[in-house]
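Working notes, beginning with the structure itself.
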Protein chains: 2
Amino acid sequence: MIQEKNQPTELAKLGEFGLIELLTKNIKLKNSSSIKGVGDDAAVIKTTKTQVVTTDILTEGIHFDLIYTPPKHLGYKAAIVNFSDIYAMNATPKQLLISIAMSNKISLEFVNELYSGLYLACDNYGVDVIGGDTTSSVTGITISITVIGEANSNEIVYRNGAKETDIICVTGNLGAAYMGLQLLEREKQVFQEIGAQPDFAGKEYVLERFLKPEAKKNVIELLKKIKVKPTSMIDISDGLASEMHHICKQSQVGCKIYVAKIPIDYVTAEVAENFNLEPLIPALNGGEDYELLFTINVNDFEKIKPYAEIRVIGHIMNKEQGLNLITEDGNFIELKAQGWDTYAQ
Amino acid sequence: MIQEKNQPTELAKLGEFGLIELLTKNIKLKNSSSIKGVGDDAAVIKTTKTQVVTTDILTEGIHFDLIYTPPKHLGYKAAIVNFSDIYAMNATPKQLLISIAMSNKISLEFVNELYSGLYLACDNYGVDVIGGDTTSSVTGITISITVIGEANSNEIVYRNGAKETDIICVTGNLGAAYMGLQLLEREKQVFQEIGAQPDFAGKEYVLERFLKPEAKKNVIELLKKIKVKPTSMIDISDGLASEMHHICKQSQVGCKIYVAKIPIDYVTAEVAENFNLEPLIPALNGGEDYELLFTINVNDFEKIKPYAEIRVIGHIMNKEQGLNLITEDGNFIELKAQGWDTYAQ
């Protein structure tokens with residue numbers, strides 16, 4: 001395209017078909033189940049496996065703030081949050097469809113960056129972009145993504161299979177993304193009030209966890225390798241407490257979680273303390289970590305023991321015993337769900 | 001729910017989980033390929049057939065105007081436009097996922113109506129709602145729907161299979177939805193300016209075609225019954241001219257379309273004339289009719305001949321001959337694509 005330097009290109013100049021052509025022309029399908037991608041009334045898929053399908057919708061001003069979210073990160077994260085749901089079923093993501101509504105004030109350069117992030121995520125996770133829809137909106141950006149994954153029927157893990165005495169595990173560490181968000185929100189306010197540039201030195205870890213999360217592909221591959229099939233699984237998008245409630249409700253069980261065993265990174269703890277916040281709070285109730293929470297049979301404990309990325313935090317109990325947090329001094333506290341609710345802001 | 005009469009219920013009172021629970025509690029899966037629906041990280045599907053997948057995003061103020069669109073019709077139409085894409089692949093829709101972003105000023109009653117329209121469409125077309133996402137937006141409503149359909153591999157019809165001498169067919173009649181939209185827009189303006197209530201007597205047909213379209217399930221079933229497999233097919237969402245361009249471009253062919261053979265309902269013609277518009281204009285360039293445009297081998301002509309719902313409007317020519325309209329007095333005019341572009345409004 002020929003354009004004057006530094007002049008953003010308006011979407012209206014390209015038109016909807018021109019924009020779609022530009023955004024999809026370099027797609028090469030990687031998976032054998034992706035028969036036909038973008039370019040017809042619908043995409044075509046053929047697989048002998050069982051499929052899992054998830055969808056997510058992200059709206060500007062609710063799920064993301066363009067003041068501190070680079071468009072490439074936004075595209076990357078929008079894909080990742082859906083891959084995370086697929087891995088939480090113990091499946092592998094294969095196809096993605098993206099629909100995006102945005103006002104025609106948005107520049108082509110912005111859209112290109114957003115899609116470059118999306119394609120990067122798809123490349124990193126072996127996923128094909130097979131379709132989508134691009135349209136204008138009166139104001140703001142809305143991104144809707146659907147991802148289809150595959151697994152053998154007997155591999156699929158639901159939320160409802162946890163049994164009494166099962167061990168409760170989480171991957172990675174918790175609360176980091178939430179503290180990253182708090183940091184960005186505070187510095188945005190400081191910048192808006194007094195124009196001071198933010199200093200994030202030493203705190204990059206929590207920013208990255210919020211802005212560029214990864215899905216737990218490695219853990220799902222590890223569990224397959226060591227032949228452990230979780231009895232129940234969920235991804236942590238709304239906070240550990242809320243997700244534990246989903247598993248316990250659907251499996252009709254109770255649980256016991258040891259505060260001392262909940263993994264928290266030291267940067268997360270440091271930033272939390274800087275906000276006068278007990279680090280346990282973001283770890284329990286902060287969202288968007290996209291770690292996995294799962295339960296395994298006690299007999300599988302020895303198999304997962306060598307792997308630092310999987311941490312045992314408690315075990316499943318009888319439903320009547322309820323959901324419990326065990327404090328470091330041995331007290332029982334009720335585990336309350338206080339996940340993120342977009343209607344309660 | 002207990003609530004004061006006539007008081008709209010705020011979404012914030014229910015919360016996101018409460019809303020999802022309320023909207024999905026009555027779902028019963030109908031299709032054998034729908035293994036698990038709403039309620040886990042992802043839905044689960046198992047089929048031996050080939051699948052087709054389509055997605056669409058609709059934004060308030062661009063695709064629909066709540067002043068004259070009842071929420072139940074909106075939900076119905078949002079599903080139908082996706083079913084139409086599935087039928088245009090010669091497949092049958094089976095599963096649907098709906099994501100909706102809406103401000104918390106919207107009442108639960110509105111959302112309930114919208115979903116009742118969506119469920120009605122799914123019941124009428126034998127489709128299962130297997131998942132979705134519900135979230136808030138800063139302003140307005142955005143609806144994103146993904147539909148998955150099934151077919152045998154050898155049944156799928158693409159846009160790129162039209163061959164020279166093939167016959168070009170359309171279903172139903174064209175331009176009605178566009179004239180329905182024009183009528184609604186004009187009466188909205190009259191109402192806003194002088195408060196006059198609209199009088200739509202005798203024009204209900206074009207309103208219904210715009211507000212409550214149907215997908216061409218019956219035609220796809222008929223073609224199967226009479227053993228006709230189209231060589232190419234597309235649904236008419238952006239106008240006949242634009243869709244014919246897609247088929248010719250992808251099939252690398254030209255075409256000849258007879259103006260006199262383009263089916264136009266008399267109500268459409270009447271309303272068009274009332275707007276001082278040549279009825280051919282909405283028939284060629286008006287969108288949202290959701291009829292099917294397809295090509296068949298000449299040898300199949302006798303098979304389709306008895307069926308009034310399928311009209312032959314021309315035939316496929318060599319690419320070099322271009323895309324042509326033949327007027328009633330035998331003149332050739334170039335067929336130009338002037339479909340709807342949301343970025344060019």
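The values are calculated or read from the model by the stated rules, or taken from the named source; none is laboratory data. Bear in mind that the values here come from a model prediction, so they are computed numbers and not experimental data. Note that each Cβ is placed from the backbone with ideal geometry, even for glycine, and that neighbours are counted across all protein chains shown.
Quick notes
- The residues in the stretch A:93-111 that are more than 10 Å from every other protein chain (Cβ to nearest Cβ) and surrounded by fewer than 17 Cβ atoms within 10 Å (Cβ to Cβ) can be counted, and the count is 3.
- Test for A:ALA78: is it within 21 Å of B:ILE145 (Cα to Cα) and touching a Ser or Thr at 6+ places or on another chain (Cβ under 7 Å): no
- A single member of A:ASP238, A:ASP289 is at pLDDT below 95 and acidic (Asp, Glu), and it is A:ASP238.
- Any hit, the stretch A:267-277, residues being in contact with a helix residue (DSSP H, G or I) (Cβ under 6 Å, 6 or more places away or on another chain), hydroxyl-bearing (Ser, Thr, Tyr) and surrounded by 17 or more Cβ atoms within 10 Å (Cβ to Cβ): yes
- Check on B:LYS303, of a type outside the set (Phe, Trp, Tyr) and in a helix (DSSP H, G or I): yes
- Residue that is farthest from B:ASN160 (Cα to Cα), among those in the stretch B:74-102 that are of a type in the set (Val, Ile, Thr) and either over 15 Å from the mean Cα position of the chain (by Cα) or modelled with pLDDT under 95 (or both): B:ILE100
- From the options B:ALA88, B:ALA12, residue that is of a type in the set (Gly, Ala, Ser), surrounded by 24 or more Cβ atoms within 10 Å (Cβ to Cβ) and within 11 Å of chain A (Cβ to nearest Cβ): B:ALA88
- In the set B:VAL38, B:VAL52, only one residue is assigned by TED's automatic domain parsing to the domain that holds B:ASP133, hydrophobic (A, V, I, L, M, F, W, C) and surrounded by 24 or more Cβ atoms within 10 Å (Cβ to Cβ); that residue is B:VAL52.
- Matching residues in the stretch B:146-182 - criterion: being among the small types (Gly, Ala, Ser) and within 14 Å of chain A (Cβ to nearest Cβ): B:GLY149, B:ALA151, B:SER153, B:GLY161, B:ALA162
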